[in-house]
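Data block below; observations after.
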Amino acid sequence: MKPLGKRMVTKAMYLRGKQFFLAAYLLYEKIGKEYAFLHLLCQGLEITLKSALLYKDYDKNKIQLSKPLGHNLDKILKLYLLEYGIKRIDKRISSEIIELNSFYKTHRMRYASTVDILIDPKTIKTTWSIKLIARLVKSFDKEFDIPRKTDH
């Protein structure tokens with residue numbers, strides 16, 4: 001694929017991740033912090049971080065995006081930090097990602113199980129992860145020259 005095609009695919013992937021965030025937000029507005037909201041939030045984070053990796057080096061990172069990284073948010077975040085030369089990340093963000101990942105990578109947010117009985121989704125922290133997401137969205141909206149919509 002030529003550079004313009006790679007940029008278009010990267011932008012499309014970023015927009016898909018952003019759409020998962022928006023879907024999570026709408027769901028949160030309607031029913032609150034439930035497992036479907038958490039799953040959409042994680043899916044948006046996964047896809048957005050993967051699009052950031054494609055943006056940094058499409059050819060190098062394309063290979064890693066499927067099997068080696070899978071749906072492991074912790075691995076994806078660590079590769080993102082490495083690729084972007086970010087030495088430190090707020091411990092609150094990394095601890096939230098680790099907790100979210102323990103549910104997300106095993107699909108325990110997607111499918112009902114004993115987790116639904118034992119763990120109230122409202123107790124799973126997301127405040128700092130959402131701040132990370134907001135920074136990513138702001139940065140990539142600017143990078144891809146995506147206008148911010150103000151009216152609904």
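Set side by side, the residues Leu79, Leu100, Leu132 differ, and just one is over 18 Å from His39 (Cβ atoms), in a helix (DSSP H, G or I) and within 15 Å of the chain's Cα centre (by Cα), which is Leu79.
The rows are residues; the columns are (1) free of Cβ contacts under 8 Å to residues at least 12 places away in the same chain; (2) surrounded by 14 or more Cβ atoms within 10 Å (Cβ to Cβ).
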site: Lys62; (1), (2): yes, yes
site: Leu100; (1), (2): no, yes
site: Met109; (1), (2): no, yes
site: Thr127; (1), (2): no, no
site: Leu136; (1), (2): no, yes
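Taking the conditions (1) modelled with pLDDT of 95 or more; (2) in a loop (DSSP other than H, G, I, E, B) in turn, Phe21 satisfies each one other than (2). The single condition among (1) more than 26 Å from Arg148 (Cβ to Cβ); (2) touching a residue at least 60 places away in the same chain (Cβ under 8 Å); (3) not in a helix (DSSP H, G or I) that Lys33 does not satisfy is (1). Any chance region 80-95 includes a residue that's crowded, with 16+ Cβ neighbours inside 10 Å and out of contact with any Asp or Glu (no Cβ under 9 Å at 6 or more places or on another chain)? Yes, region 80-95 contains a residue that is crowded, with 16+ Cβ neighbours inside 10 Å and out of contact with any Asp or Glu (no Cβ under 9 Å at 6 or more places or on another chain).
The values are calculated or read from the model by the stated rules, or taken from the named source; none is laboratory data. None of the values given here were measured: they were computed from a predicted structure. Positions of Cβ are generated from backbone atoms using ideal geometry, with glycine treated the same way; all protein chains shown enter the neighbour counts.
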